[in-house]
Amino acid sequence: MAQMYFYYSAMNAGKSTTLLQSSFNYQERGMNPVIFTAALDDRYGVGLVSSRIGLQSDAQLFRQDTNLLELIESLHQQEPRHCILVDECQFLSKAQVYQLSEVVDKLGIPVLCYGLRTDFLGELFEGSQYLLAWADKLIELKTICHCGRKANMVIRTDERGKAIAEGDQVAIGGNDKYVSVCRQHYKDALGK
């Protein structure tokens, strides 16, 4: 029976690497997965999912107005799809998370979503909020803080490396803008 999975973590935990490995596993068994990624994150190229260790794959793009159920139904009619993999799933809307649940419940296709749980202010992203609420399986991927403890928070930094405590929820970037830390070092960095 198909299920919806939410693989979440702070940055640099290997979410995209894990997604690409899952895609490879399906392909190796003669199955046909589909990878989606957020159109607004084009750091590694448009329509690509890339990991920092050098793996990459082509991907379908989703935008805020993309109806994922309709798109996946169309792709599935052209050629059977055995798994849907979604990178940067924190950028999904509530409606899109619901559409993905319909892919699982009505089309019987497993959906594996990979993304951040919270933003640099410790607030849930919309996509993450509804995946936490509606996914069948929640799996935390772990990374570590510079102190050796589990990193479960993300700090946004300015050009001097100082923590920022305000701004838009979304500012695309990698190690140049964000640092994964434990909760204590998050509080220390923001003076809380």
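Taken together, the values in this text are just the output of simple stated rules run on the coordinates, not laboratory data. Nothing here was measured: the structure is a model prediction, and the numbers come from that model. Note: ideal-geometry Cβ built from the backbone for every residue, glycine included; neighbour counts use all protein chains shown.
Worth pointing out:
- Between amide H atoms placed 1.01 Å from N, distances below 5 Å from residue 88 occur with 114, all of them 5 or more places distant or on a separate chain.
- Across the range 96-113, computed HN-Hα scalar couplings (Karplus, 6.51 cos²θ - 1.76 cosθ + 1.60, θ = phi - 60°) run 5, 5, 4, 4, 5, 5, 5, 4, 5, 6, 9, 9, x, 9, x, 10, 10, 10 Hz from first to last residue, x flagging Gly and Pro.
- Count Lys and Arg as plus one, Asp and Glu as minus one, and take only other residues whose Cβ is under 13 Å from that of residue 118; the net charge is then -1.
- Here the 3J(HN,Hα) profile of the range 177-192, calculated from phi with Karplus coefficients 6.51, -1.76 and 1.60 at θ = phi - 60°, is 10, 10, 9, 8, 9, 6, 4, 5, 6, 5, 4, 4, 5, 9, x, 9 Hz, Gly and Pro shown as x.
- For the chain, the mean residue ellipticity at 222 nm estimated from helices alone is -9000 deg cm²/dmol, where every DSSP H run of n ≥ 4 contributes -39500 (n - 2.57) and the total is divided by all residues, rounded to the nearest 500.
- Label-point gap, in nm, between residue 75 and residue 146 - each point 7 angstrom along Cα→Cβ: 3.9 nm
- Relative packing of 133-146, 59-72, which averages over residues the other C-beta atoms within 10 Å, highest first: 59-72, 133-146
- Between residue 168 and residue 65, the FRET efficiency from the beta-carbon distance, with R0 = 22 Å, is close to 0.70.
- Difference of contour (0.36 nm per residue) and Cα-Cα distance, residue 40 to residue 25: 2.7 nm
- Listed values for the range 28-36 are Karplus-derived 3J(HN,Hα) couplings in whole Hz (6.51 cos²θ - 1.76 cosθ + 1.60, θ = phi - 60°), namely 4, 9, x, 9, 10, x, 10, 9, 10, and x replaces Gly and Pro.
- Full extension of the chain segment joining residue 187 with residue 160 gains 7.8 nm, where the gain is 0.36 nm per residue of separation less the Cα-Cα distance.
- Computed lengthening from residue 98 to residue 133, 0.36 nm per intervening residue step minus Cα-Cα distance: 11.5 nm
- When the chain is treated as a GNM with alpha-carbon contacts under 10 Å, the residue of 108, 122, 167 showing the greatest mean-square fluctuation is 167.
- Share, in percent, of DSSP beta bridges within the range 4-142 that are antiparallel, nearest 5: 15 percent
- Over 22 Å between alpha carbons, listed pairs 137/177; 94/177; 150/177; 142/187; 106/137; 162/187: 137/177; 94/177
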